[in-house]
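Accompanying notes for the structure given below.
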Amino acid sequence: MRTTLDIDDRLLAAARRRAAERGTTLTAFVEHALAASLADRGSTDKRYRLRWMTHRGRTLPGVDLSDRDRLFERMEGRS
């Protein structure tokens, strides 16, 4: 099927160069790229599921969670 597309000049130039490097036509190169882009990727549709884990803890004596600087000092062993 014949169609008309507006393609960025730099992108088209790069596609023409790549097609020439591969010894194929621009049409064949674009068809291959489009087919690859539309191909079923299978596992890429799976979404990552985070397993949220919590642990019971306690606040140590002398630790004020609202004082960030003091908390970092305590965590780094400077106090």
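Let me confirm something: among Gly57, Gly23, Gly42, which residue is at pLDDT 95 or above, out of contact with any helix residue (DSSP H, G or I) (no Cβ under 6 Å at 6 or more places or on another chain) and exposed (fewer than 10 other Cβ atoms within 10 Å of the Cβ)? It would help to see each step written out before you state the result.
Working: Gly57 fails: at pLDDT 95 or above; Gly42 fails: at pLDDT 95 or above.
Among Gly57, Gly23, Gly42, only Gly23 is at pLDDT 95 or above, out of contact with any helix residue (DSSP H, G or I) (no Cβ under 6 Å at 6 or more places or on another chain) and exposed (fewer than 10 other Cβ atoms within 10 Å of the Cβ).
Scanning for something basic (Lys, Arg) and within 22 Å of Arg2 (Cα to Cα), does segment 18-37 turn up at least one residue? Outline the logic, then answer.
Our first condition is that a residue be basic (Lys, Arg); within segment 18-37, this holds for 18, 22.
Adding the requirement that they be within 22 Å of Arg2 (Cα to Cα) leaves 18.
Looking for residues that are basic (Lys, Arg) and within 22 Å of Arg2 (Cα to Cα), one finds at least one in segment 18-37, hence yes.
Can you tell me which residue among Arg17, Arg51 is over 25 Å from the mean Cα position of the chain (by Cα) and modelled with pLDDT of 85 or more? Don't jump to the end; show me each part of the working.
Working: Arg51 fails: over 25 Å from the mean Cα position of the chain (by Cα).
Selected residue: Arg17, the only one of Arg17, Arg51 that is over 25 Å from the mean Cα position of the chain (by Cα) and modelled with pLDDT of 85 or more.
The values are calculated or read from the model by the stated rules, or taken from the named source; none is laboratory data. Only a predicted model underlies this, so the values are computations on that prediction, with no experimental measurement involved. Virtual Cβ from ideal backbone geometry, glycine too; neighbours counted across all protein chains shown.
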